[in-house]
Every structure is written in structure tokens, then in C-alpha cells.
Amino acid sequence: MLETPKTNQEPLWLVIIQLLRWNKPEGRLILMIPALWAVFLAAAGKPPLPLVGVIIFGSIATSAAGCVVNDLWDRDIDPQVERTSNRPLASRALSVQVGIVVGIVALACAAVVAFYLNPLSFWLSVAAVPVIVLYPGAKRVFPIPQLVLSIAWGFAVLISWSAVTGNITAPTWLLWGATVLWTLGFDTIYAMSDRIDDQRIGINSSALFFGKYAPIAIGIFFIGTVILLGGVGFLVNLNISFWISLILATIAWIWQIIRLQQPEIPNPAYGEMFRQNVWIGFLILAGMIVGSF
């Protein structure tokens, strides 16, 4: 039996944009950042512009597909969470059938991009698909589902680096580790806004797993990120510009950790800190680019 979408005053194209989260670019940009870190570092600051375009387009398409997959999994859960109750599939502004079609198109776009890459990058792209598809289910059975998301994020580094060099080296793995830890940090912050709803529904999250120690865990994740990024900078001989950007990023993360220690934090503050990580990521990217010369 076909699901009938709820009557909606907004045009279909605008509702699909909301499904893809293109109306909230922070989440798309924050996936793109590790991919750009990798492509610029692997190419010593001078990657081919067509490849940069492919990486950007691939990040957007993959992120869009991941959002659709997530919302299909969570269409009966999202209405029970204040932050997600107005998502198109949750509010029935779109039918499941339309969501599936949009998801297939987004995955097809990502697949087209993958065929442009070399064999190693292509097969890494293929390997990333099950992780992306299964992540939403992880929150039902795995105590730290953000770790699964972080591993999915890490594929952006492996794919982009190997797209330049055709191989994976020690700096690649350090950058992968930094990306995984950074993602665990900012996504745990993001999950803190949903703790009450997630606990009531019975959904797992790193924010619930670490409980009152979540700010400490986030601090450890960010410290690990700084150490691993420093290791990358050392191995690829980045100049002072990178180290300045890393120091500034570290100060920003310390400020976030201190803020998270406050006894009363309004829920919107968690989303604000998540968005700050986009600009922190771009700051580090600028340092990597300038630091390569």
C-alpha cells in the first residue's frame, strides 16, 4: 500500500531540498572539510582543480544520500524528537516512495563521481556505502553510534588522499584518525541537544553513553585530534602557517570544552558549537594549504 504524503503548501522541490539538508549547509560542509584536507595535503597544496571539483561534488552527493537514508530509517522516530519532528519524511510532507527515489538519485550521482577516480579510490567508495547505509541502524543496537558515523566520515580522507596518490601512507592514517576523533567530538556535542528525547525513545548516542562525563570525552577527542593533526603536519613538513591555524583551532576547542562544563546550557548552544566546528575545520584547511608552500 502506497503511503500518501501530507498536504504541504511548500513546492515539491523545496521539500526535497529540506530532505537533502541543503537548507542546512553546515552538515554538508563539515563532511567536505576532511576530504579537502586530504586532497590538498596529498597534492602538497596544489591538487588538480578538476579533482577538487569531483571531491566537492562527491561529498555533496554522498552527504545528501546519507541524509535520505537516515531519514528513511528514522521516519517513525524523528516525529518524537523535537529537533527532527519537521523533517519531510517524519512530518509526512514526502512519501517513503519519493524518499527512496531521491536517495537512489543521490547515490547514483555519487557513483558517477566514483567512476572518475582510480581503482583504489573507487573501491574505498564502494566500501563506504554499507557504513553509510547501516549507520542509522547503529543507534538502535550500538552504544556509541557516533563512532560508526565517524568511520563513515573517515572514508572521505582515504578516498580523497588515494585519489591523488593512488596509495595510502602513514600521514593518511594519521589524518583519518584525526577526522574520526574530530567527528566523535563535534557529533557528541550535537547529540547532547537530543539527550532527553533519545533516552525517552530508547535510542543510543555517545552523549548518553558518556553521560555527565561527555564534556571530558569530547575534550579527549579534540586533544587527540590536535595530536594527530600535528603528526600529519610534521610528516608532510607543513610550515608555520599550519601550526598557527592548529593553535587557533586548539584555542577554539578549549573554549568549547570549557563552555560544555557549565551546569546550565541552553539547547541551541549545542547546535551553535557544532556550526563553529565548520569554521574551525576551514581554518585548519587554510593553514594546510598555505603551509604546503
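The values are calculated or read from the model by the stated rules, or taken from the named source; none is laboratory data. The shown structure was predicted, so the numbers you read here are calculated from the model rather than taken from an experiment. Please note: Cβ atoms are built from the backbone with ideal geometry, for glycine as well, and neighbour counts cover all protein chains shown. Only protein heavy atoms, including side chains, enter the accessible area calculation; ligands, DNA and RNA are left aside. Shrake-Rupley method; radii C 1.70, N 1.55, O 1.52, S 1.80 Å.
Among the residues of region 163-176, is there at least one that is within 15 Å of the chain's Cα centre (by Cα), assigned to a helix (DSSP H, G or I) and modelled with pLDDT of 95 or more?
Within region 163-176, one or more residues are within 15 Å of the chain's Cα centre (by Cα), assigned to a helix (DSSP H, G or I) and modelled with pLDDT of 95 or more.
For the structure I just gave you, tell me whether Trp161 is hydrophobic (A, V, I, L, M, F, W, C), within 24 Å of Phe122 (Cα to Cα), open to solvent by less than 40 Å² (accessible area, probe 1.4 Å) and touching a residue at least 40 places away in the same chain (Cβ under 8 Å).
Yes, satisfied.
Can you report the number of residues in region 113-125 which are open to solvent by 60 Å² or more (accessible area, probe 1.4 Å) and modelled with pLDDT of 90 or more?
Total meeting the criteria: 3.
Quick one: is Gln276 among the polar types (S, T, N, Q) and over 20 Å from the mean Cα position of the chain (by Cα)?
When the stated conditions are applied, Gln276 does not pass them.
Cβ-Cβ distance below 7 Å, separation of 6 or more or different chains: which pairs start in region 245-256 with a residue that is closer than 13 Å to Ala286 by Cβ and open to solvent by 90 Å² or more (accessible area, probe 1.4 Å) and end on one that is modelled with pLDDT under 95 and not charged (D, E, K, R)?
Matching pairs, first to second residue: none at all.
Return only the number of the condition from (1) more than 26 Å from Leu174 (Cβ to Cβ); (2) aliphatic (A, V, I, L, M); (3) in contact (Cβ under 8 Å) with a residue 60 or more places away in the chain that Ala269 does not satisfy.
It fails just one condition, (3).
For every residue, the table says whether it meets (1) free of Cβ contacts under 8 Å to residues at least 40 places away in the same chain; (2) under 24 Å from Pro171 (Cβ atoms).
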{"site": "Pro11", "(1), (2)": "yes, no"}
{"site": "Gln18", "(1), (2)": "no, no"}
{"site": "Ser59", "(1), (2)": "no, yes"}
{"site": "Asn70", "(1), (2)": "no, no"}
{"site": "Ala90", "(1), (2)": "yes, no"}
{"site": "Phe115", "(1), (2)": "yes, no"}
{"site": "Asn118", "(1), (2)": "no, yes"}
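Out of Ile247, Ile284, Ile240, report the one residue that is at pLDDT 95 or above and within 21 Å of the chain's Cα centre (by Cα).
Ile284
Just the residues that are among the aliphatic types (A, V, I, L, M) and part of a loop (DSSP other than H, G, I, E, B), please, taken from region 75-126.
Passing the criteria: Ile77, Val81, Leu89, Ala90, Ala93, Leu94, Leu117.
Considering region 92-107 alone, what residues qualify as being in contact (Cβ under 8 Å) with a residue 40 or more places away in the chain, crowded, with 16+ Cβ neighbours inside 10 Å and either among the acidic types (Asp, Glu) or at negative phi (or both)?
Once the filter is applied, which keeps residues that are in contact (Cβ under 8 Å) with a residue 40 or more places away in the chain, crowded, with 16+ Cβ neighbours inside 10 Å and either among the acidic types (Asp, Glu) or at negative phi (or both), region 92-107 yields Ala93, Leu94, Ser95, Val98, Gly99, Val102, Ala106, Leu107.
I'm trying to understand the selection: among the residues of region 169-208, which are of a type in the set (Val, Ile, Thr) and either within 19 Å of Val129 (Cβ to Cβ) or buried (at least 24 other Cβ atoms within 10 Å of the Cβ) (or both)?
The answer is Thr179, Val180, Thr183, Thr188, Ile189.
In region 21-64, which residue that is among the basic types (Lys, Arg) and not in a helix (DSSP H, G or I) is most open to solvent (accessible area, probe 1.4 Å)?
Filtering region 21-64 for residues that are among the basic types (Lys, Arg) and not in a helix (DSSP H, G or I), the one most open to solvent (accessible area, probe 1.4 Å) comes out as Lys46.
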